[in-house]
1. In this structure, does residue 72 turn out to be crowded, with 16+ Cβ neighbours inside 10 Å and over 23 Å from residue 40 (Cβ atoms)?
2. Being out of contact with any Asp or Glu (no Cβ under 8 Å at 6 or more places or on another chain), over 16 Å from residue 788 (Cβ atoms) and aliphatic (A, V, I, L, M) is the filter here, so list the residues in region 696-740 that pass it.
3. Within the set of pairs 6+ apart or on separate chains, which have a first residue in region 816-829 that is closer than 24 Å to residue 675 by Cβ, a second that is among the hydroxyl-bearing types (Ser, Thr, Tyr) and open to solvent by 10 Å² or more (accessible area, probe 1.4 Å), and C-beta atoms under 7 Å apart?
4. Kindly indicate the residue of region 223-267 that is open to solvent by less than 70 Å² (accessible area, probe 1.4 Å) and assigned to a loop (DSSP other than H, G, I, E, B) and also farthest from residue 195 (Cα to Cα) among those meeting that condition.
5. With respect to residue 438, is the statement that it is open to solvent by 60 Å² or more (accessible area, probe 1.4 Å), touching a helix residue (DSSP H, G or I) at 6+ places or on another chain (Cβ under 8 Å) and not small (Gly, Ala, Ser) true?
6. What are the pairs with Cβ atoms under 7 angstrom where one residue, in region 585-606, is within 20 Å of residue 552 (Cα to Cα) and outside any loop (DSSP other than H, G, I, E, B) and the other, located anywhere, is at pLDDT below 85 and open to solvent by 60 Å² or more (accessible area, probe 1.4 Å)? Sequence gap at least six, or different chains.
7. Test residue 129 against the criterion of being basic (Lys, Arg) and within 25 Å of residue 181 (Cβ to Cβ), and give yes or no.
8. Looking at the structure I just gave you, is residue 27 outside any strand (DSSP E or B), modelled with pLDDT of 85 or more, within 30 Å of residue 142 (Cα to Cα) and touching a Phe, Trp or Tyr at 6+ places or on another chain (Cβ under 8 Å)?
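The values are calculated or read from the model by the stated rules, or taken from the named source; none is laboratory data. Since we're looking at a predicted model, the values are computed, not measured. When we count neighbours, we look across all protein chains shown, and the Cβ atoms used for this are built from the backbone with ideal geometry, even at glycine. Just so you know, the surface numbers come from the protein's heavy atoms only, side chains and all, with ligands and any DNA or RNA stripped out. Shrake-Rupley method; radii C 1.70, N 1.55, O 1.52, S 1.80 Å.
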Amino acid sequence: MRRGREVLDVKQRNTAYVTKSAQYRLLGPVGVHHKGRELDPGTPQQSAVLALLLLAQGRLVTLEQLVWSMWGEAAPPAAGVTVRTYLSRLRHLLPGGGRSSVIETIRGGYLLAIEPGSLDLSVFTEQVRLGREARASGDMVQAAAHLNAALTLWQGAPLTGARGDYVSGERDRLERLRLTATEERIALDIELGRHAEVLPELTPMVAAHPLEERLRELQMLALYRCARQADALQVYLDVRALLSRELGIEPAAELRGLHGRILRADPDLDRLPPSAAVVPKTEPPATAPAVLPAAQDSVASQRPLLASRLQAARGRGFVGRDAERAMFALALTATELTFAAMFLHGPSGVGKSTLLRRLADDARTAGRTVVPVCGRVVADSIAAFEHAAGPALNNPEAVLMIDSFERCAPLEGWLHEQLLPQLADGTVVVLAGRQPPRPAWREDPSWAGALLVHPLGELSLPEAGALLDSRGVSANVRDCVLASVGGHPLALALAAEVARRGESTAHSWQPGQDMIQTLLNELIGTSPSAAHQTALQVCAHASATSEQLLRTVMPEADTAGLFAWLRAQPFIKSGPAGLYPHDIVRDAVDADLRWRDPAAYEDIHRKIRHHVLNELVPRTAGQPGAHATVQAVRQLLRRGGVAADYLTAHGESDAVVDQYRPQDKPDLLRMTAAAEGDESSRIVSFWLDRQPSAFTVYRRRSDDRAVAFSSWLCLDEVGPDILGADPVVAAAWTHSQTHANHRPNVRIAISRHLIDPTSYMRPSAVTDLCYLHTLRSQLDGPRSIHWEYKVFTNPNLWGPWMSYLNFSRLPVTHRIGRRNFALFSHDWQVEPIEEWQDRNIRRELWGSDSPDAAETSLRTRKLRNDAYQGPGVLNLVRQN
């Protein structure tokens, strides 16, 4: 019966607020409720005027005070007129309650008459006062009821919808009142035995107010009463380190005193007041949502701790890392020293913390004492680090686990020179960070054989699939997820959450922008400047990034400094051609810019393309290292959809590009006869005598011997001798003359031969080199060439590549010896090199032509196809 009277008493005190004809709200969005409907307070400035009148709580506010509160020294000349306009609108909006207006004008000022219980702030203040009075009289149950009733009046951030510097200051003041009342109510709940219930509420509050010592004190006490002494002590270590790092101070006396009492297991900490034997939480007022009663401690104590459930879940959901767990197990059980410290390093999100938690479970199963230290908490404080690692110092059965070690960078020398050598023999140390250890560890002979440095990579595809299975991702989605994110653990975890919510689109699953943004936040964080962000975007878009590339794309920037910054990032690797990011970082950064700012994305692509085609290709096309250039070109073409099938980039070829030498002729004729027959060998001999400079020879580095060759013939005129000697060139020349459209002096180029005995007319390392060579020729040559032709004996294989390059196939083939030869053509007068480049760029960027470009391409092809069907062309080709 007593509890019913208490609740009724609280409700009666709130009745005025609930039943008045007009109620005003400041503890949330600024608002007015009248006769069952909400009245719109107007613009943010008008809402601010209403809020200022309500905050005065019946006191007079002058026009000057209103102007100053809204604009301060930046008040416009017509500020007074503007405020009077807002007041006039509010007079018409607000109910007068029998008077002409609820806003009165008195002696040059304004007063908003507020009836008792009509303003939520006034009710809140009154309920807090009553709660404190009840607490002072020893009635904690009634005190908790009043404070709970006060807090249920809040509907979000105070003064929402109003704007101004004074409003911002008042908002902070009201938030402080709310926080203080919440702390008092939680303290009462803990005293009444509701410590298990308030813990979930305390956790987000501590995160939102990390420097609020009173909240930490309440959290420690609640944890201790839930039999979580270690967690309570860890809270103290966390806040002590944070205060030292941020403010350079120690915790207050109250917090230090509680820490000491927890260390001593002071029995008074568990003592509850006599009236709190089984005290349910008081029901909130009728205007607030109902709150479920807390579980009683006697029931909670019969259940296992949540930590046991979490450990079991880790065991069920953990996959892979067998090698790392095996090495750790050997260190735990070996009679002789295998290693004293294992240093795991890898980029963010690769699973270092997850592995450490699993290794900790393994250590506990083996009977070891696990001492966890988080670098985010101890940071660069030696005192905090010593305190956190203290339990491991004299315990040979301890396993010291240090996570987020990159946060402890200033302590690294002290750690390996002073702290770790103090550990008892038998102690195992595991460190995890984004960067590998500094060279000083390996240069120190005392650590030789005692330190195991192990890079942590992504999961294998079977392991990644098992992880998705453990997260409940269905089989029809799994392959799409694996194809999109690979084996990166964080990306897999995020993708699993997204995939489970989108089964209907499983066949085309792709990571959304929200997931990409989460990856960017977790893997990269915030870049130091816009220039650093651009440098990272260049690195993600290019195959490999050098300082020279950065200078091309960002000529005004400090490219040396940006390159050094990129090189130091844990998600960036170094290779012979430059820097390149981990695949998951590359994909996330590139996809984000492509979606967020297509114009900037295209600008970066064009500048990288210029560097690759105009600097890399001419410099490396015929030299060792051309493999990296092929990769760079392949990266530019990756969105076009076909490049991967034709630019192999499988590895560095043993061949280099060179000019033809007369002594090469027997080898070239022999290779041709073996690949195409004697008739083709005779044609090669004809062209070697006629245009030897048209031939490119690919030589083996070791002995300089020709292993393959190609030819790129240029013709201004064709006489009967050529027409009779080479039917393929004759067909190309006849086609060009038929479609010259009265253009004089038609000049053609034809990629006539590509002979690689080890991979005839198939994509290979040699065809990669050949493509670079012809690409360089195209960049220099088409301005003086009208038609260009390419010859293949397997047109079905090369057709998609030719279509991508906008080369059209002639409708007939020519048999020479045992091979059929097909021709593909491009008219550089219809589509000049500039337009051709622009069309290719559009495909490189977006995977297809723009609608306008596609329409132009279709018109061009239609004209050509119509011309191909003319009887004269077919007859001339067949005759030759």
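1. On the way: crowded, with 16+ Cβ neighbours inside 10 Å: no; over 23 Å from residue 40 (Cβ atoms): yes.
The answer is no for residue 72.
2. Matches in region 696-740: 722, 723, 725, 730.
3. 819/793; 820/793; 820/813; 821/793; 821/813; 822/813; 824/808; 825/808
4. 248
5. Numbers: open to solvent by 60 Å² or more (accessible area, probe 1.4 Å): yes; touching a helix residue (DSSP H, G or I) at 6+ places or on another chain (Cβ under 8 Å): yes; not small (Gly, Ala, Ser): yes.
Criteria met by residue 438.
6. Taking only residues 6 or more apart or on different chains, the pairs are 601/594.
7. Values: basic (Lys, Arg): yes; within 25 Å of residue 181 (Cβ to Cβ): yes.
The answer is yes for residue 129.
8. On the way: outside any strand (DSSP E or B): yes; modelled with pLDDT of 85 or more: yes; within 30 Å of residue 142 (Cα to Cα): yes; touching a Phe, Trp or Tyr at 6+ places or on another chain (Cβ under 8 Å): yes.
Here the answer is yes, as residue 27 does meet what is asked.
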